[in-house]
1. Within segment 20-42, does at least one residue satisfy the condition of being at pLDDT 85 or above, out of contact with any Phe, Trp or Tyr (no Cβ under 9 Å at 6 or more places or on another chain), surrounded by fewer than 20 Cβ atoms within 10 Å (Cβ to Cβ) and not assigned by TED's automatic domain parsing to the domain that holds F317?
2. For the subset of segment 229-259 comprising residues that are surrounded by fewer than 20 Cβ atoms within 10 Å (Cβ to Cβ) and among the small types (G, A, S), which member is farthest from A307 (Cα to Cα)?
3. Hey, any hits in segment 125-135 for a residue that's outside any strand (DSSP E or B) and surrounded by fewer than 17 Cβ atoms within 10 Å (Cβ to Cβ)?
4. Within segment 166-186, work out how many residues are assigned to a loop (DSSP other than H, G, I, E, B), closer than 14 Å to L209 by Cβ and not charged (D, E, K, R).
5. So, in segment 79-90, exactly how many residues are buried (at least 23 other Cβ atoms within 10 Å of the Cβ) and in a loop (DSSP other than H, G, I, E, B)?
6. Being within 30 Å of S81 (Cα to Cα), of a type in the set (V, I, T), in the same structural domain as S56 (by TED's automatic domain parsing) and in contact (Cβ under 8 Å) with a residue 40 or more places away in the chain narrows it down to one of V207, V137, V211, so name that one.
7. Find the residue count for segment 165-198, including only residues that are modelled with pLDDT under 85 and closer than 16 Å to G315 by Cα.
8. Could you pull out the residue among Q278, Q290, Q282 that is out of contact with any helix residue (DSSP H, G or I) (no Cβ under 9 Å at 6 or more places or on another chain), surrounded by fewer than 24 Cβ atoms within 10 Å (Cβ to Cβ) and part of a helix (DSSP H, G or I)?
Amino acid sequence: MGVDCFSALPASAHRAERSKTKIRDAAEVSFFFRRAYGTGPRLSASADTQHARTLSLSRTHLGIGPVAINEIRQVGHVRLSADPIDKAIVVWVTRGTVSSRCDGLAGRAAAGEITVLAQHDLPARTELHDLNQTSLVMDPSLLARAAGGDPGGDAVSPIRFLSFAPKDPAAGNLWKQSVRTVRTLLSSDSVATPLVLGNASRLLAAVTLAVFPHSTGVGARAADRTDHHPVLLRRAVEFIEANVYRDIGLTDIATAVHLTPRAVQYMFRRHLDTTPTQFLRQVRMNHAHQDLLAGARPHDTVTAIAARWGFMHTGRFAALYRQTYGHSPHATLRGDDGFGPWLRTRSGEPPTESQGVQHIAF
């Protein structure tokens, strides 16, 4: 399952917000769920009488703009009946059970399983029993833009989940691995740069779409397939190279050259046989390569350098790096790649600054 996570998010996504909540009162637990997940007047949250005295809840919250990762431990049984909550929520259960019903679909998860809770724009009923969970809460617009390939656009079709269960166990494991990676990576404020935070949000949205069956009505427009003179391509490339360290993406590139995102995609495909996001990735890979060459162990690590340039998965970064340079990033950082003080190209010459990025003649 390919996941592409390069495009800019609003400025509000460029800072991590952390908080902790502990509640040991049934009424307060009910209020927590109303405040956290409910906006409609028909929402109710109640605890079974036999569990009311023991009902408690604790939450660790990590907010990244349009995405939040919550670690929730709840003792007792809670029923929720809510109007549309305008959030897409996926739950990963580590203890207890969760079940929900919405628009004819049912979701259920026990320990080790994941499920979508509801369609973001429809009412749902949910039951939580002695639940330890990791919940991923996302703005539906983020999912819609990710599905449409236009992360900064306004006119996007809403996502509709066709099933609340993942496509298969392997897909579920992919989702859990991605959430675990982001949660671990962002545990350090020093790593949580704007570029990392932006890519983390888009990674989680993209992997959710890859894992859960869904539908969307985004289609291509004829105007986006209009050819464009290479002068606009040159401007797009110059913009990428000048802003590679920033959390930029397809929408920013399109804005810089006054084209639609799909027109930019078509232009890169026609003239460079690649996509804008792939080209951006190549440029960032080159910068990561230079940092690895200049790195000093143990102060620098492959994981930290990869994350610095927007590569969230070290394993995928290592594979791409080997494809590009013929060596592992760890070998480059250690300096034991067998090519002396610098990596050499296959012709035997030292690599140029642009190795790993295709040469472009305008």
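1. Scanning segment 20-42, I find at least one residue that is at pLDDT 85 or above, out of contact with any Phe, Trp or Tyr (no Cβ under 9 Å at 6 or more places or on another chain), surrounded by fewer than 20 Cβ atoms within 10 Å (Cβ to Cβ) and not assigned by TED's automatic domain parsing to the domain that holds F317, so the answer is yes.
2. A256
3. Looking through segment 125-135, none of the residues is outside any strand (DSSP E or B) and surrounded by fewer than 17 Cβ atoms within 10 Å (Cβ to Cβ).
4. In the first step, residues of segment 166-186 are kept if they are assigned to a loop (DSSP other than H, G, I, E, B); the result is 166-168, 186.
Right, trim to closer than 14 Å to L209 by Cβ and you get 166-167.
Then keep just the ones that are not charged (D, E, K, R); that gives 166.
Looking only at that region, the number is 1.
5. The total comes to 1.
6. Working: V207 fails: in the same structural domain as S56 (by TED's automatic domain parsing); V211 fails: in the same structural domain as S56 (by TED's automatic domain parsing).
Unique residue meeting the criteria: V137.
7. Residues meeting the conditions: 1.
8. So the residue among Q278, Q290, Q282 that is out of contact with any helix residue (DSSP H, G or I) (no Cβ under 9 Å at 6 or more places or on another chain), surrounded by fewer than 24 Cβ atoms within 10 Å (Cβ to Cβ) and part of a helix (DSSP H, G or I) is Q290.
The values are calculated or read from the model by the stated rules, or taken from the named source; none is laboratory data. Please read these numbers as outputs of a predicted model, since none were measured by experiment. Cβ sites come from the backbone with ideal geometry, for glycine too, and all protein chains shown count toward neighbours.
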